[in-house]
Amino acid sequence: MAIKRELMTGNEAVARGAWEAGVVVATSYPGTPSTEITEALSHYEEVNAEWSVNEKVALEVAIGAAFAGVRAIATMKHVGVNVAADPLFSLAYAGVNAGLVIVTADEPGLHSSQNEQDNRIYAKFAQIPMLEPSDAQEAKEMTKLAFELSEEHDTPVMLRLTTRICHTDSPVRLGRREEVPRRPYQKQPRKYAMLPPHAYGRHLVLEKRQAVLEAVSNTFDGNRVEMRSLEYGVVTSGISYLNVREALPEFSVLKIGMTYPVPHQLIRNFAQRVEYLYVVEENRPFLEEEIKALGIKVEGKEQLLSVGELPAEALRERIRHRPSPQKPPVQDLPPRPPQFCPGCGHRGVFHVLSKNRITVNGDIGCYSLGALAPFNAMDTLICMGASIGMDHGFRKAAEPNERSVSVIGDSTFFHSGMTNLLNMVYNNGTATTIILDNRITAMTGHQPNPASGVLAAGEQVRPANMVEICKALGVKHVRELDGFDMQGIEKALKEEMDRQEPSVLVINTRCVMVERERFGSARVVDEDLCTKCRLCLKLGCPALTIENDKIVVTDFLCDGCGLCEDVCRFDAIKCEEPQEVKT
């Protein structure tokens, strides 16, 4: 029978590999570039896929499923592993029952992240195996291999992708699903309950397992030597392997698919066969440091940066010292800075915050665009859920006349904002929290969250009530406001910031990318009334532009939200036609 092939992204291939490996439970919190793995898994009826409220919870759910005896996978972007690190390290001690794979999608070049950390270091830190595919086919096969390694050696296994693998299509040979019988659960508190005396014993088990896995790495199928030149050799892994093949076709290559434990003997053997040895790897000099620790002379980050991606052009220029062919310059493309969508309900809140020069401790999400022009309204942003805690700390240090708030989205609030709000209540905080509630995880592609009332596979459930949750956490003063009611928001904000108690403003709006119908009629500018004060442009709406020194509204971009009409002091912006009332 002919082997069926399909074009798949690396993310889809991981999902396919997990399905073929007989996975029963899949968990995740959405985050670019990993999001599509769970979206793809949610379409396999044999897999119970869920969007968890954060990565720690996602891993803990997967751990429970693996302990109970079914294969499980938890996927997340690189910074999500920081959130999941607490259970991850103890899991390395406990081991698994059925196979458990943790996918980390790292992002060299930080296209949509707050840093570009290298999660190979997590595998070494936690002493668990890490596999790194170079394309979608390998992503599928290594996912299956990861489950086998996990069960054979009683350990969780990490699979590391990077952006180019996650989102690039390549042919994948499809296989059949393996129905893996559930492994019986056996009560073993000394293995699964990490009390100090139990954990000490499990640490000894971990060290013994480590020695075995180091030997396994030297013979792992995903590692391979491709001999060409006896003069130049490259040790590489992941997407860098493909860039090396393109830029340095005459070089011999040691491609490492199991990057932890590092295959020391395999590297020694390869190094002896070439005169000059290089390491090509994105992010940190992880392999390079391992090789230098073996006493092998190698060049790596002396030639290549630890920042950003390493395309083939960079390898040609920095290792071969040959300039890449000049690309024709791109012309006539106007700069397009990121900005809120036309009709986005977050815009009015940031206009009010900017207008009143309030210090804003921000968070991860679409609303992080409030840090950019024209608002310049967000002062800080560190990680998911940090805004409320940071504002609580800011209030403790600020002078009485310094005003600040925190801003957080609904999904981020559920992720890790709730605990900070509880902490503020418990510790007599006085800060005001603004929750921008649009009932969806918008920035990563509209995945549902507890406020959406929908599960990963589309099943309807009872949506979480933000006001009730805040009150249950101890906040006495919780108000709900319409995101387009700028006057109401400004009035409520001033009142709540004067309060010497914690307070929350829940700003209800909708995501225009989900509800694509117009909010109302498009606006037009009355040239006779317009003074060209340009106050309306401070809303940063893409529908408002200047043409021939006149303010104009681009009809097909205008969502009819009316914010520009509200801010105009001269009544120069009006409805083009009688406004439709949306119910």
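Details
- Which numbered condition V47 misses (of (1) out of contact with any Ser or Thr (no Cβ under 8 Å at 6 or more places or on another chain); (2) over 30 Å from D410 (Cβ atoms); (3) modelled with pLDDT of 95 or more): (2)
- Among the numbered conditions (1) of a type in the set (K, R); (2) touching a Pro at 6+ places or on another chain (Cβ under 8 Å); (3) outside any loop (DSSP other than H, G, I, E, B), the only one that R439 does not meet is (3).
- Residues that are touching a helix residue (DSSP H, G or I) at 6+ places or on another chain (Cβ under 9 Å) and more than 16 Å from D118 (Cα to Cα) are absent from the stretch 281-290 altogether.
- Test result for I267, touching a strand residue (DSSP E or B) at 6+ places or on another chain (Cβ under 8 Å) and closer than 19 Å to F125 by Cβ: no
- The stretch 12-47: number of residues that are touching a Gly at 6+ places or on another chain (Cβ under 8 Å), β-branched (V, I, T) and assigned to a helix (DSSP H, G or I): 0
- Filter result for L304 (open to solvent by less than 60 Å² (accessible area, probe 1.4 Å) and in contact (Cβ under 8 Å) with a residue 40 or more places away in the chain): no
- Candidate set from the stretch 351-367 (those that are in contact with a Leu (Cβ under 8 Å, 6 or more places away or on another chain) and within 17 Å of P542 (Cα to Cα)); member that is surrounded by the most Cβ atoms within 10 Å (Cβ to Cβ): Y367
- Scanning the stretch 565-583 for any residue that is surrounded by 20 or more Cβ atoms within 10 Å (Cβ to Cβ) and under 19 Å from N438 (Cα atoms) turns up nothing.
- Flag if T38 is polar (S, T, N, Q), closer than 11 Å to Q447 by Cβ, surrounded by 24 or more Cβ atoms within 10 Å (Cβ to Cβ) and in contact (Cβ under 8 Å) with a residue 60 or more places away in the chain: yes
- Scanning the stretch 68-95 for residues that are surrounded by fewer than 24 Cβ atoms within 10 Å (Cβ to Cβ) and either part of a loop (DSSP other than H, G, I, E, B) or modelled with pLDDT under 95 (or both) yields G69, V70, G95.
- Residue in the stretch 48-55 that is open to solvent by less than 30 Å² (accessible area, probe 1.4 Å), over 19 Å from G365 (Cα atoms) and outside any strand (DSSP E or B) present: no
- Scanning the stretch 146-157 for residues that are touching a residue at least 12 places away in the same chain (Cβ under 8 Å) and either among the aromatic types (F, W, Y) or surrounded by fewer than 24 Cβ atoms within 10 Å (Cβ to Cβ) (or both) yields F147, E148, L149, E151, H153, D154.
- Unique residue being open to solvent by less than 10 Å² (accessible area, probe 1.4 Å) and either within 31 Å of the chain's Cα centre (by Cα) or without any contact (Cβ under 8 Å) to a residue 24 or more places away in the chain (or both) when the list is P249, P261: P261
- Comparison of E313, E309, E289 shows that the only residue that is part of a helix (DSSP H, G or I), touching a residue at least 12 places away in the same chain (Cβ under 8 Å) and surrounded by fewer than 23 Cβ atoms within 10 Å (Cβ to Cβ) is E313.
- Restricted to helices (runs of 4 or more DSSP H) entirely inside the stretch 453-570, those with at least 2 residues that are of a type in the set (D, E) and over 30 Å from N423 (Cα atoms) are 563-567.
The values are calculated or read from the model by the stated rules, or taken from the named source; none is laboratory data. These numbers were taken from a predicted model, which means no experiment stands behind them. Here the Cβ is made from the backbone with ideal geometry for all residues, glycine too, and neighbour counts use every protein chain on show. Accessible surface is based on the protein model in full, side chains and every heavy atom, while ligands, DNA and RNA are left aside. Shrake-Rupley method; radii C 1.70, N 1.55, O 1.52, S 1.80 Å.
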